[in-house]
1. Would you mind giving the average projected area, over all directions, of the Cα convex hull of the range 48-94 in nm² with one decimal?
2. What percent of all Cα-Cα pairs in the chain falls into each 10 Å bin, going from 0 up to the bin containing the maximum distance?
3. Work through the residues other than LEU91 whose Cβ is under 11 Å from its Cβ and net out their charges, Lys, Arg +1 and Asp, Glu -1.
4. Would you mind getting the accessible area per residue of the range 1-40, heavy atoms of the protein chains only, 1.4 Å probe, in Å²?
5. With charges set only on the Cβ (+1 for Lys and Arg, -1 for Asp and Glu), what does the dipole of the chain come to about its Cα centre, in debye to the nearest 20?
6. Over the chain, what is the mean sequence separation of C-alpha contacts under 8 Å (at least six apart), divided by residue count, expressed as relative contact order in percent?
7. Using the Karplus curve 6.51 cos²θ - 1.76 cosθ + 1.60 with θ = phi - 60°, work out ³J(HN,Hα) for each residue of the range 64-75 in order, rounded to whole Hz, and write x for Gly and Pro.
8. For the chain, what does -39500 (n - 2.57) per DSSP helix run (n ≥ 4), summed and divided by total residues, give at 222 nm, in deg cm²/dmol to the nearest 500?
Amino acid sequence: MIVVRNCFIAKPGHASKLAAQLKEAAAATKLGKHRILTDLTGDFNRVILEHEAESISGFEAAMKDYASNTAFREKMKGYTDLWVTGSREILQII
């Protein structure tokens, strides 16, 4: 089992918009167990979409779904205007 964290630093004043958009878009996918996190410490305006996958191949299958999932793509329109930088962490659950 792995945890995938898509971490974004939102533009000032846009963190709540980004969090809401990610939450709505994630509901249109096959992510399964997922959650949206926002910062209490660390970098300001940080928004994280965290989800679990059975394996790296399960994560790859989800990425393929994103590419063809029109509902997801529609809900993600304009999200790149809300953040400055981002990264992805893939962690193994022990």
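1. 4.0
2. Going out from 0 Å in 10 Å bins, the chain shows 17, 49, 31, 4 percent.
3. Here the count lands on -1.
4. 57
5. It works out to roughly 240 debye.
6. Computed over the chain, the figure is 49 percent.
7. 5, 5, 4, 5, 10, 8, 5, 5, 5, 4, 5, 6
8. Using -39500 (n - 2.57) per qualifying helix, the result is -10000 deg cm²/dmol.
The values are calculated or read from the model by the stated rules, or taken from the named source; none is laboratory data. Since the model is a prediction, treat every value here as computed from it, not as a measurement. Every residue, glycine among them, receives a Cβ derived from its backbone with ideal geometry; neighbour counts consider all protein chains shown. Each accessible area value is taken on the protein alone, full model and side chains, heavy atoms only, with ligands, DNA and RNA left out. Shrake-Rupley method; radii C 1.70, N 1.55, O 1.52, S 1.80 Å.
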